[in-house]
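Below is one structure, written out as structure tokens; the observations come after it.
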């Protein structure tokens, strides 16, 4: 073997080692922040006078390397509000994907026995072209008996654990149901002005929209009794700029059966209370679940869809609405595989103040979603800063969109968790969680915009 060959071989090996050393240095540099950057984040986060008014936590990770960059109270537990919908989406995407059970049924010689699965699209005005359960009901040639069983594991309480009982009159809380109709809400809108300057009040369900009563002296624009669907409206209710209007319905088997019978008058529909059958003795009507549903869940933070999708996952897994059992399984077995432990998960929407998660928990979930769902698809589902959904008027301070995130808010709670694309092309993931403050969340959003804007410019 010649000396020149040995020299050439050693020279190549030396170059390879140098290159590997440089690559290792570059990776390390991407995984850690400089001391100066850490100090600047400390000044903006840990020493923030606005954040000091309540309890705040923040964590920042490099998404592609899944490594920790910075945190402040990253392992303290907070009420996450609608950030819980990220967990609901995780379950729905994993167990349902793009197919879900719309209902369960047994066919007999002279009729069908039918049980609900929580399918949210039936007669929902926003999903008229996607609903596949309605056409199935319309096409049956025999009478249908819809069953609403009672008892643990057979039914679902109208409200989730930890919800405020007196929110029934607000436009963001909707009762849960194994057989939802019309999105479990009253829809009201005004028609365009006709040639004679008249406008008509349009609504669904028609039986309830047509029975609105004007109440002289009523301050609230629209009000519903707690356990009924008798709505009263104020004298100035028909002011155009304040439409459309949505309010929750109080559900009952009788109401659901009557509305389905009115929608499909060719069918004979009645209601019963038989328990869910053994899975081996019933059929499942499997239908498509488009990204349009997930997009409305996350972009608009739709509480109804969140709760019903959780019911759908339970129906898929157990063929019954055993939501509490599903959440226990998720907390005990599923989430720990993602490094998410020691949490409390109470509902699908985040309306419950029983939910408790840390900023680090949410970032670990976001990293798992990035891997499991795919970044391109995920970014089409989340609100985009300055562009869409609940972030349409937030994080619009840069020449390009740079934040995709889920928001969450309750009284004294504001949380934002998602993804950030920096000016230099890096992908980061973050979670801000703020609890126990008094007053508006506006100043919190202003500070979060400053901090994430700094990350966009400098990381």
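The values are calculated or read from the model by the stated rules, or taken from the named source; none is laboratory data. From a predicted model like this one, the values you see are computed outputs, not experimental measurements. Cβ: placed from backbone, ideal geometry, glycine included. Neighbour counts: every protein chain shown.
A few notes on this one:
- Lone unmet requirement of (1) assigned to a loop (DSSP other than H, G, I, E, B); (2) in contact with a strand residue (DSSP E or B) (Cβ under 9 Å, 6 or more places away or on another chain); (3) touching a residue at least 24 places away in the same chain (Cβ under 8 Å) for residue 131: (3)
- For the stretch 80-111, a residue qualifies if it is touching a residue at least 40 places away in the same chain (Cβ under 8 Å) and farther than 20 Å from residue 305 by Cα, and the qualifying residues are 105, 106, 107.
- Test: residue in the stretch 234-242 that is within 18 Å of residue 170 (Cβ to Cβ) and at pLDDT below 90: yes
- Residues that are out of contact with any strand residue (DSSP E or B) (no Cβ under 7 Å at 6 or more places or on another chain) and in contact (Cβ under 8 Å) with a residue 24 or more places away in the chain, drawn from the stretch 52-79: 53, 65, 66, 75
- Residue list for the stretch 216-229, filter: within 28 Å of residue 253 (Cα to Cα) and surrounded by fewer than 13 Cβ atoms within 10 Å (Cβ to Cβ): 225, 226, 227, 228
- Of all residues in the stretch 139-182 being in contact with a helix residue (DSSP H, G or I) (Cβ under 8 Å, 6 or more places away or on another chain) and assigned to a strand (DSSP E or B), the one that is farthest from residue 320 (Cα to Cα): 144
- When residue 94 is tested against (1) surrounded by fewer than 18 Cβ atoms within 10 Å (Cβ to Cβ); (2) in contact with a strand residue (DSSP E or B) (Cβ under 9 Å, 6 or more places away or on another chain); (3) modelled with pLDDT of 95 or more, exactly one condition is not met: (2).
- Output for the stretch 42-62, where each listed residue is in contact with a helix residue (DSSP H, G or I) (Cβ under 9 Å, 6 or more places away or on another chain) and closer than 25 Å to residue 355 by Cα: 45, 50, 51, 53, 54, 56, 57, 58, 59, 60, 61
- Number of the exception - residue 266 against (1) touching a residue at least 40 places away in the same chain (Cβ under 8 Å); (2) in contact with a strand residue (DSSP E or B) (Cβ under 9 Å, 6 or more places away or on another chain); (3) part of a loop (DSSP other than H, G, I, E, B): (2)
- The sole residue among 305, 251 that is under 30 Å from residue 410 (Cα atoms), under 25 Å from the mean Cα position of the chain (by Cα) and surrounded by 23 or more Cβ atoms within 10 Å (Cβ to Cβ) is 305.
- Answer from 115, 136 - the residue that is modelled with pLDDT of 95 or more, outside any strand (DSSP E or B) and out of contact with any helix residue (DSSP H, G or I) (no Cβ under 6 Å at 6 or more places or on another chain): 136
- Residues satisfying the stated conditions in the stretch 401-437, i.e. over 19 Å from residue 50 (Cα atoms) and assigned to a loop (DSSP other than H, G, I, E, B): 401, 402, 422, 423, 424, 425, 426
- Evaluation of residue 287 against the conditions (1) on the phi < 0 side of the Ramachandran plot; (2) within 18 Å of the chain's Cα centre (by Cα); (3) not assigned by TED's automatic domain parsing to the domain that holds residue 383 shows that the sole unmet condition is (2).
- Lone qualifier among 65, 70 - being more than 22 Å from the chain's Cα centre (by Cα), assigned by TED's automatic domain parsing to the domain that holds residue 411 and assigned to a loop (DSSP other than H, G, I, E, B): 65
- Filter result for residue 395 (in contact (Cβ under 8 Å) with a residue 60 or more places away in the chain and closer than 21 Å to residue 300 by Cα): no
- Only one of the numbered conditions (1) touching a strand residue (DSSP E or B) at 6+ places or on another chain (Cβ under 6 Å); (2) buried (at least 23 other Cβ atoms within 10 Å of the Cβ); (3) over 16 Å from residue 59 (Cα atoms) is violated by residue 441, and that is (2).
- Condition met for residue 186 (over 30 Å from residue 367 (Cα atoms), under 27 Å from the mean Cα position of the chain (by Cα) and buried (at least 21 other Cβ atoms within 10 Å of the Cβ)): yes
- Verdict on residue 53 being at pLDDT below 95, in the same structural domain as residue 440 (by TED's automatic domain parsing) and within 26 Å of the chain's Cα centre (by Cα): no
- Considered as a group, the residues in the stretch 308-333 that are touching a residue at least 24 places away in the same chain (Cβ under 8 Å) and under 28 Å from residue 404 (Cα atoms) include one that is surrounded by the most Cβ atoms within 10 Å (Cβ to Cβ), and that residue is 308.
- Pair list, Cβ < 7 Å and 6+ apart or interchain, from the stretch 292-304 residues that are in a loop (DSSP other than H, G, I, E, B) to residues that are at pLDDT 95 or above: 300/389; 301/82; 301/85; 301/390; 301/407; 302/296
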